[in-house]
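The values are calculated or read from the model by the stated rules, or taken from the named source; none is laboratory data. Computed from a predicted model, the values in this text were never measured in an experiment. Here the Cβ positions follow ideal geometry from the backbone for every residue, glycine too, while neighbour counts run over all protein chains shown. Note: areas computed on protein heavy atoms with side chains; ligands, DNA, RNA excluded. Shrake-Rupley method; radii C 1.70, N 1.55, O 1.52, S 1.80 Å.
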Amino acid sequence: MSINLKKGGSINLTKEMTKLNKVMIGLGWEQTGRNVDLDASVFILGANGRLLAEEYFVFYNNLKSPDKAVEHMGDNRTGSAEDDDEIILANLESITPNATELAVCVSIHDAVNRGHNFGLLKDAYIRIIDVDSKKEITRYDLDASHFVENSVVFAKVKKSGNEWFFHATSQGSMTELQGLVDLFL
């Protein structure tokens with residue numbers, strides 16, 4: 001049984017699932033008449049809250065981190081998949097020791113030019129699944145407060161000692177993908 005989080009909620013991923021090592025981050029959405037293209041991305045950050053290096057920004061144009069611990073499985077532009085539309089896999093034990101945080105983000109491609117925002121979607125969500133057991137650990141549904149925004153830092157997965165914690169941040173903006181990059185550079 002998964003935990004359904006609200007903004008500001010968190011869980012200890014390591015304690016929730018014994019020997020949690022590999023997670024799947026799934027992003028899903030349904031169209032409501034316009035072709036809105038969501039993009040999942042992960043920023044691998046150091047203790048200063050900044051990107052370790054450009055190569056540690058995993059998204060549709062950089063599918064794998066240099067340590068090979070985080071991998072984007074490819075871009076879905078339509079939201080028409082049966083289940084998760086975009087998937088990012090992360091091996092928490094293999095992430096470079098300099099990393100202390102993963103910022104899990106979603107943005108809408110070319111949102112400003114097309115007049116797109118999250119309000120045009122239905123059932124947008126992000127979830128974390130334990131790859132080994134195939135169990136959904138947590139799911140976060142995009143709440144109505146982001147209906148005018150086009151990018152969101154949905155969650156942060158933070159390392160403390162040898163444990164990983166999931167924090168539902170729901171920090172939205174109207175800055176598209178470049179604004180997220182600027183936030184973590």
Original post:
Which pairs have Cβ atoms under 8 Å, sit 6 or more apart or on different chains, and link a residue in segment 13-40 that is among the polar types (S, T, N, Q) and surrounded by fewer than 22 Cβ atoms within 10 Å (Cβ to Cβ) to one that is at pLDDT 90 or above and assigned to a strand (DSSP E or B)?
Top reply: Asn21/Asn91
Subject >> Close pairs (7 angstrom Cβ cut-off, 6 or more residues apart or separate chains): more than 17 Å from Gly49 (Cβ to Cβ) and among the small types (Gly, Ala, Ser) in segment 82-103, open to solvent by less than 10 Å² (accessible area, probe 1.4 Å) and assigned to a loop (DSSP other than H, G, I, E, B) anywhere >> reply: Ala90/Ala69; Ser94/Ala69
Original post:
Among Ser80, Ser107, which is the only one that is in contact with an Asp or Glu (Cβ under 9 Å, 6 or more places away or on another chain) and assigned to a strand (DSSP E or B)?
Top reply: Ser107
**OP:** Sort through Gly115, Gly119, Gly74 and tell me the only one that's farther than 19 Å from Gly49 by Cβ, open to solvent by 10 Å² or more (accessible area, probe 1.4 Å), of a type outside the set (Asp, Glu) and within 15 Å of the chain's Cα centre (by Cα).
**Re:** Gly74
**OP:** State all residues of segment 154-166 that are touching a residue at least 12 places away in the same chain (Cβ under 8 Å), surrounded by fewer than 20 Cβ atoms within 10 Å (Cβ to Cβ) and assigned to a strand (DSSP E or B); if no residue qualifies, say none.
**Re:** Lys158, Lys159, Glu163, Phe165
**OP:** Kindly indicate whether Glu55 is in contact with a Pro (Cβ under 8 Å, 6 or more places away or on another chain) and not in a loop (DSSP other than H, G, I, E, B).
**Re:** yes
